[in-house]
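*Asks:* Pasting a structure here, questions to come.
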Amino acid sequence: MEEQKQGFLNNFTLKMIAIITMVIDHVGYIFFPDQPVFRYIGRIAFPIFCFLIVEGFFHTRNHMNYLIRLIIFALISEIPFDLAFRQTLFDWQHQNVFITLALGLICIFCMEEMNRSRRYIFPLLLTWVAAYVIHCDYSLGGVLLICMFYVTQNSPGTRFILTALILYVFWGAPELYGLIALIPIALYNGERGPSPKMIFYWFYPAHLLILYVLSLYI
């Protein structure tokens with residue numbers, strides 16, 4: 001059952017916060033590797049994206065289309081991702097975040113169906129293994145974070161504890177800056193707001209390409 005939401009931030013606003021902090025993170029990673037403040041600010045982005053995947057699950061009528069859309073943009077984004085962060089066209093050692101989000105969506109579906117059939121435990125575990133094996137962005141910890149947002153819909157206190165635990169165990173103390181993301185999430189009102197949906201999808205590979213081109217000249 002989805003939690004009752006009170007606040008003044010809508011879905012669009014959360015996406016903008018996530019995107020802005022993500023860009024700050026990527027700018028810091030590429031251009032200012034010795035300035036950790038960029039990365040600290042950037043820790044806010046991923047938990048919000050994880051939360052929005054759960055929200056998308058509840059507000060999207062066709063879950064398969066939602067998953068296919070994530071997979072398509074995972075494929076579109078892989079070369080820009082590798083160029084921006086690996087300076088090569090293909091690098092199989094690290095995959096972009098759309099893959100993580102797609103795997104997280106699969107996990108949510110499995111957990112939802114587990115209320116009806118325990119057989120979905122196996123594909124859930126298999127998805128966790130896949131996240132680890134294929135080295136998607138944030139790896140297994142990222143997928144577990146999405147699962148955590150699903151199971152703590154009505155438990156903000158538990159959500160805080162589990163978020164802190166996952167962030168610290170998988171990525172260490174600096175990632176705890178991601179707990180700041182729980183503030184705008186707590187202020188979310190459940191409303192969609194302006195919805196230029198495909199713009200958000202295209203923004204990810206586009207901004208990576210722009211950062212890569214800039215890195216060639218700066």
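*Asks:* Filter the range 1-27 down to the residues that are polar (S, T, N, Q) and either free of Cβ contacts under 8 Å to residues at least 12 places away in the same chain or farther than 23 Å from ARG86 by Cα (or both) and list them by number.
*Replies:* Of everything in the range 1-27, those that are polar (S, T, N, Q) and either free of Cβ contacts under 8 Å to residues at least 12 places away in the same chain or farther than 23 Å from ARG86 by Cα (or both) turn out to be GLN4, GLN6, ASN10, ASN11, THR13.
*Asks:* Applying the selection to the range 175-212, what residues are surrounded by fewer than 17 Cβ atoms within 10 Å (Cβ to Cβ), of a type in the set (A, V, I, L, M) and over 30 Å from LEU165 (Cβ atoms)?
*Replies:* The answer is MET198, ILE199, ALA206, LEU209, ILE210.
*Asks:* Return yes or no: is ILE146 within 16 Å of the chain's Cα centre (by Cα), under 25 Å from LEU179 (Cα atoms), among the hydrophobic types (A, V, I, L, M, F, W, C) and assigned to a helix (DSSP H, G or I)?
*Replies:* It is true that ILE146 is within 16 Å of the chain's Cα centre (by Cα), under 25 Å from LEU179 (Cα atoms), among the hydrophobic types (A, V, I, L, M, F, W, C) and assigned to a helix (DSSP H, G or I).
*Asks:* Continuing with the same structure: I'd like the residue in the range 1-27 that is outside any loop (DSSP other than H, G, I, E, B) and of a type outside the set (A, V, I, L, M) and, out of all such residues, is nearest to SER155 (Cα to Cα).
*Replies:* Top of the filtered list is ASN11.
*Asks:* In contact (Cβ under 8 Å) with a residue 24 or more places away in the chain, closer than 22 Å to ARG43 by Cβ, among the aliphatic types (A, V, I, L, M) and crowded, with 17+ Cβ neighbours inside 10 Å: does that describe LEU101?
*Replies:* yes
*Asks:* Determine which member of the set ILE53, ILE106, ILE76, ILE30 is surrounded by 14 or more Cβ atoms within 10 Å (Cβ to Cβ), touching a residue at least 12 places away in the same chain (Cβ under 8 Å), out of contact with any Leu (no Cβ under 8 Å at 6 or more places or on another chain) and assigned to a helix (DSSP H, G or I).
*Replies:* Checking each option against the conditions leaves just ILE76.
The numbers here are math on the coordinates, done by the rules we state, and not lab data. Quick caveat: nothing in here was measured; it's all calculated off a predicted structure. Every residue, glycine as well, gets a Cβ built from its backbone with ideal geometry; the counts of neighbours run over all protein chains shown.
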